[in-house]
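Comments concern the structure below.
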């Protein structure tokens, strides 16, 4: 008997793609959550979204596997695929890099080529474990606290500087002492005060969801709040 698992844990590949895209477009879930839920890599999910937007995926009828002839890949592209796998990039990541070069190849085709070249599937890993992002950029170092005294004389431009208008009110409430007295959980790199103030800053800026912070992460002025 079928139940909710038919939708939340799809077995067929076409349905897993459908449910993943639905969770991404309709439910607007973060990429890493969708990828983990449906057993995909974040890079592959981005490729799926691109293919769907450009009408390269058709869910009107499930396509039987093996019904299409195999696509022939030129030697130059094959060499790129091999070189990227030697850097331990997944098939989804490779598909995204090829797309950036205006070469659209399905993840399944890339997996077939890698198998033909003798490569085994990579175990699932986080980008942090890999040590780089999809574009090959290094993962940045963990942020460390900066003493205000070290910033004396420096000037910053900030799109979120308006949050500092609330500083007198925060001081009046003695919010820092309240947070310490509450004995909230904290880590070695992030104190409870830093954690609460970062959430407060997002709320003061009108950021509705914590997943929508990309526009603020490189704001040095906001980082001082």
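What follows is calculated from the coordinates using simple rules that are stated; it is not laboratory data. Being a predicted model, the structure only gives us computed values, none of them experimental. Positions of Cβ are generated from backbone atoms using ideal geometry, with glycine treated the same way; all protein chains shown enter the neighbour counts.
Miscellaneous remarks
- Simple spin-label estimate for residue 116 and residue 54 in nanometres, 7 Å along Cα-Cβ: 2.2 nm
- Least to most buried among 25, 164 (fewest other Cβ within 10 Å first): 25, 164
- Efficiency of FRET from Cβ geometry, residue 74 and residue 106, R₀ 22 Å, rounded to 0.05: 0.90
- A crude spin-label estimate for the pair residue 5 and residue 184, with each label 7 Å from Cα along the Cβ direction, gives 3.9 nm.
- Between residue 194 and residue 82, residue separation times 0.36 nm minus the direct Cα-Cα distance comes to 35.9 nm.
- Length available on full extension from residue 217 to residue 148: 0.36 nm per residue minus the Cα-Cα distance, which gives 23.0 nm.
- Length released on extending from residue 204 to residue 161, taking residue separation times 0.36 nm less the Cα-Cα span: 14.4 nm
- For the peptides 187-199, 150-162, the ranking by mean Cβ contacts within 10 Å, running from highest to lowest, is 187-199, 150-162.
- The fewest-to-most ranking of 44, 18 by surrounding Cβ atoms within 10 Å reads 18, 44.
- Between the beta carbons of residue 15 and residue 99, assuming R0 = 25 Å, the FRET efficiency works out to 0.55 to the nearest 0.05.
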